[in-house]
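Colleague: Got a structure here, written out as structure tokens. Questions coming.
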Amino acid sequence: MTQCQPSSLRAKVTSSARRAVQIIMSASALIALPVATLAADVEGGEGVLVPPPEVNAGRYGDFRDKLHNWEVTVGAGVIYMPEYEGSDKFDINPFPIISAEFGDRVSVDITGVTVDLYEANGFRASVKGGYDLGRKEDDSDYLRGLGDIDAGGVIGGIVSYEVGPFEAYAKLDKTIGGSDGLTGAVGAKASYQYERFIFSADVSGTWADDKHMESYFGVTGAQSASSGLAQYDAKAGVKRVDVKGSITYMMTENWLVTGAAGAGFLMGDAKDSPIVKDDVQPFAMLGVSYRF
């Protein structure tokens with residue numbers, strides 16, 4: 001029997017954690033959306049949550065005020081996800097839920113830091129700093145010979161317009177280092193609260209430039225020789241459309257349970273890449289979190 005060497009084991013653990021964070025970064029809005037919506041939705045109107053009789057209002061304060069003043073969320077969960085973007089094989093990995101809000105303009109979560117520069121009449125303009133973990137060839141056996149895509153920093157901007165439970169948004173992200181790519185997305189979100197449940201949905205389309213597409217979906221001559229995959233030139237264009245949905249249940253005034261699922265549909269040169277084994281990329285996640 002062949003024994004797994006410690007270095008190989010560490011590589012597998014690191015690779016697994018990296019893939020978890022990569023998928024969480026794209027799916028984290030499903031956790032953040034119902035949580036962020038919660039405070040706004042329960043502030044007055046029909047369907048207002050009422051503190052259970054056993055809650056000591058003198059000690060904990062009014063329930064709606066408590067929701068409004070929440071700033072930090074921590075928790076954990078599990079996620080079912082593809083090994084890499086385009087894979088037909090899946091992993092189940094643990095992931096952390098971490099987010100915080102500082103005042104009315106600064107928010108932090110696992111994807112990075114967002115600062116709202118302007119907000120009025122439902123319109124919001126923000127800037128964001130984060131990171132791209134890249135891709136390692138040991139993320140999947142099918143990536144052998146393609147080499148690594150280094151990690152890099154990400155800077156970007158977001159504009160959005162919100163009317164009632166609906167929000168339309170557009171964002172642009174530039175990776176510094178790694179792929180050096182530029183990506184943009186447009187989408188729409190909706191949320192609805194019924195008693196202790198928050199329902200949310202999100203649909204979006206993502207465009208990527210030549211650098212991003214060539215890094216993640218192209219195959220150079222050298223990569224073709226070492227991997228056995230056909231040489232492929234991936235050009236800029238719409239690379240995927242994503243549909244996501246989530247349900248959050250508020251067990252108590254602090255504890256939340258969120259389930260989410262969705263799928264990305266690779267398109268254009270991304271879909272046709274020899275790296276891609278399946279152009280439909282589903283995921284599912286379940287998490288428990290506590291709001292302070």
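Colleague: Might you check whether a residue that is in contact (Cβ under 8 Å) with a residue 60 or more places away in the chain and closer than 20 Å to Val241 by Cα occurs anywhere in segment 184-192?
Modeller: Yes, segment 184-192 has at least one match.
Colleague: Can you tell me which residue within segment 91-120, out of those that are among the aromatic types (Phe, Trp, Tyr) and at pLDDT below 95, is nearest to Ala270 (Cα to Cα)?
Modeller: So the residue we want is Phe95.
Colleague: For segment 101-127, which residues satisfy the criterion of being β-branched (Val, Ile, Thr) and either under 11 Å from Ser160 (Cα atoms) or part of a strand (DSSP E or B) (or both)? Please lay out each step first, then the result.
Modeller: First, the residues of segment 101-127 that are β-branched (Val, Ile, Thr): 106, 108, 110-111, 113-115, 127.
Val106, Val108, Val113, Thr114, Val115, Val127, listed by residue number.
Colleague: Next up: Could you list, in sequence order, all residues of segment 139-177 that are exposed (fewer than 15 other Cβ atoms within 10 Å of the Cβ) and touching a helix residue (DSSP H, G or I) at 6+ places or on another chain (Cβ under 8 Å)?
Modeller: Arg144, Asp148
Colleague: Among the residues in segment 224-233, are any within 30 Å of Met251 (Cβ to Cβ), exposed (fewer than 15 other Cβ atoms within 10 Å of the Cβ) and among the hydrophobic types (A, V, I, L, M, F, W, C)?
Modeller: Within segment 224-233 (the criterion being within 30 Å of Met251 (Cβ to Cβ), exposed (fewer than 15 other Cβ atoms within 10 Å of the Cβ) and among the hydrophobic types (A, V, I, L, M, F, W, C)), the answer is no, since none of the residues qualifies.
Colleague: Which ones in segment 237-292 are within 26 Å of Ala100 (Cα to Cα), over 19 Å from the mean Cα position of the chain (by Cα) and of a type in the set (A, V, I, L, M)?
Modeller: Once the filter is applied, which keeps residues that are within 26 Å of Ala100 (Cα to Cα), over 19 Å from the mean Cα position of the chain (by Cα) and of a type in the set (A, V, I, L, M), segment 237-292 yields Met250, Met251.
Colleague: Which is surrounded by fewer than 19 Cβ atoms within 10 Å (Cβ to Cβ), of a type in the set (Ser, Thr, Tyr) and touching a residue at least 24 places away in the same chain (Cβ under 8 Å), of Tyr80, Tyr118?
Modeller: Tyr80
Colleague: Scan segment 141-172 for residues that are in contact (Cβ under 8 Å) with a residue 24 or more places away in the chain, assigned to a loop (DSSP other than H, G, I, E, B) and over 21 Å from the mean Cα position of the chain (by Cα) and report the count.
Modeller: 4
Colleague: Looking at (1) hydrophobic (A, V, I, L, M, F, W, C); (2) touching an Asp or Glu at 6+ places or on another chain (Cβ under 8 Å); (3) surrounded by fewer than 19 Cβ atoms within 10 Å (Cβ to Cβ); (4) more than 21 Å from Gly86 (Cβ to Cβ), can you tell me which one Val203 breaks?
Modeller: Of (1) hydrophobic (A, V, I, L, M, F, W, C); (2) touching an Asp or Glu at 6+ places or on another chain (Cβ under 8 Å); (3) surrounded by fewer than 19 Cβ atoms within 10 Å (Cβ to Cβ); (4) more than 21 Å from Gly86 (Cβ to Cβ), only one is false for Val203: (4).
Colleague: Now, a different point. Which ones in segment 178-193 are crowded, with 20+ Cβ neighbours inside 10 Å and in a loop (DSSP other than H, G, I, E, B)?
Modeller: Listed by number, the residues that qualify are Gly178, Ser179, Gly181.
The values are calculated or read from the model by the stated rules, or taken from the named source; none is laboratory data. Treat the numbers as computed from the prediction; the structure is a model and nothing was measured. Because the Cβ atoms are built from the backbone with ideal geometry, glycine has one as well, and the counts that use them run over all protein chains shown.
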